[in-house]
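One structure below.
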Amino acid sequence: LFSQAVFNLLIPDHAADAFSPPRLSEPSPWDELVEWLLGGLSRWDAEHFLFIAEHGYLYEHNCAFLPLYPLSLWAVARGALWPLRRLLRLRSRLLLSAVLLNSLFSALAAAALYELGRVVLRRCRVALLAALLFSLSPANVFMAAAYSESAFAFLAFAAMWQLEKGQSWLSGLLFSLASGARANGLINAGFFLYSRGKRFALQLQVGPGSLRKLPLLWKQVLSLASSAVLMSAGIFLPFAVFQYYAYVRFCGPGTGGDRTIPEPLLQLARDKGYRLAAMDGAKPPWCSQRVPVVYSYIQDTYWNVGFLRYFELKQIPNFLLALPVTLLVSWAAWTYVSTNPRYCLTLGLERNESEEEEKPRDGFCCPAAFVYVVHATALLAFGFSCMHVQVLTRFLGSSSPILYWFSAHLLQEHEPLLWSAGTDNPPSGRSVLGESPGSCGKGTPDNPVVRLLLNWRLITPLSKGILGFFLCYWLLGLLLHCNFLPWT
């Protein structure tokens, strides 16, 4: 927060062609102070979230941003910060709400990632290292700015953690909320489907004696199908309800005159060609589609998002921006597949009695990490081929634990400063800093990331590369994004 204020003060804002709605009231000295201290966190898409929280879904392209995060800003600004209404206008209170909420959500997301790592990897120190790397995320500026990334990361990681603990309904609720924050939350339904499908497949492979004790096969299939449908429907529900809301608002009759729109906002629509609700009685083209989904229409029409559309020579700098995270996640997938080829070929659905002896039961390459590797790989493939590729860093950094788990895994395996005292070359699976794989000591450990940074000259080139990527993107994100300069 301090860095963005300094950068925003020292570096002139770039004249970017970004959404910049007019302010409808004169700022007070306190408003100017808030803008001076926190204005760098209201750039680019943050303007959309703040605008929606203040004015609602006034323009058609605002519907690309799902409602959970703007509703949260609105609730805090008009609730907890209501006593400040005499000092600060609503816009300033919304910006302050974003800073407070994102600080909370980022801390909770780091804690949830740590707990998830403890359950899946069964290595507390690796889980801690991953959570610390998340706190230094290359997507950090988007965790601090008025974006939905921090809220989504918390909800997604917490939902994954609860699912690992067997809390299916709480996990489903958190996944459902996540899909109300970002559209890529819909893919999280795959975690439920895989969990149920794996349990059913393993049950079918038990011995004949145990098979008699199981319910009839058709009852199992019915239970599996109903559970999968209910959970998936719950995850899709917020997104579907919002699409219906957009249809009623922009496609329904007479919705354009339901309230008075301030003239400056009308003028902005005329100047920029923004479509208002039922403007001039003409319905948008997406209203006539068999399944009217405003989200995909906006992505296609306003931002030219589509399969391989970004593969142009002029986009090479953006592909270079996405190269580090692309290489890391691709390397993670290759490492996992090459370590567990049979497990990956059978999708983890084969019961293997000797699996415990053949495979490491903890660490990054453990069987429990399989579904997370598949999830990260699917996100990478979709983002690389169908999205503006430069957003891959924040897309993966706020959605998948693999970026942080694999980075922590590499640091553990290849950085001597993190090995047990007196061990020159620990074998794969040896814990860091002298802790046994399954233990979770209650003492206060030192910070391994700080240890590496303080001994920068002594660490390996691989460690320098990983930490350099995290640090450089952390710093450059603040420097460029907060001044309307292009970034990830």
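The values are calculated or read from the model by the stated rules, or taken from the named source; none is laboratory data. Here the structure is a predicted model, which is why all the values come from computation and not from measurement. Reconstructed Cβ throughout: ideal geometry from the backbone, glycine too, with neighbour counts over all protein chains shown. Surface accessibility is based on the protein's heavy atoms, side chains included, excluding ligands, DNA and RNA. Shrake-Rupley method; radii C 1.70, N 1.55, O 1.52, S 1.80 Å.
Note down the accessible area of I187, probe 1.4 Å, to the nearest 10 Å².
So the heavy atoms of I187 present about 70 Å² to solvent.
Given a 1.4 angstrom probe, what's the average accessible area per residue across the stretch 270-414, in square angstrom?
For the stretch 270-414, the solvent-accessible area averages 49 Å² per residue.
Name the residue farthest towards the positive end of the dipole of the chain from the options L88, F142, A376, assuming +1 on Cβ of Lys and Arg, -1 on Cβ of Asp and Glu, about the Cα centre.
After comparing all options, I get A376.
Out of the total accessible area of the chain (probe 1.4 Å, heavy atoms of protein only), what percent is carbon and sulfur?
64 percent
What ranking do 287-298, 139-150 get when scored by the average of other Cβ atoms within 10 Å per residue, highest first?
Top to bottom by mean Cβ count within 10 Å: 139-150, 287-298.
Using the charge dipole of the stretch 1-69 (Lys, Arg: +1 at Cβ; Asp, Glu: -1 at Cβ; taken about the Cα centre), state which of S25, Y57, L41 has its Cα farthest towards the positive end.
L41
Excluding ligands, DNA and RNA, what is the solvent-accessible area per residue of the stretch 1-72 at a probe of 1.4 Å, expressed in Å²? Intermediate results must be reported in sequence, preceding the final value.
Details: 3240 Å² over 72 residues.
Ligands and nucleic acids excluded, the figure is 45 Å² per residue.
Cα-Cα over 32 Å: which of K272/K314; K165/K219; K283/K314?
Details: K272/K314 25 Å; K165/K219 25 Å; K283/K314 35 Å.
K283/K314, as the Cα separations exceed 32 Å there.
Kindly write out, for the stretch 152-157 in residue order, the coupling ³J(HN,Hα) from the Karplus curve 6.51 cos²θ - 1.76 cosθ + 1.60 (θ = phi - 60°), rounded to whole Hz, with x marking Gly and Pro.
5, 4, 4, 5, 5, 5
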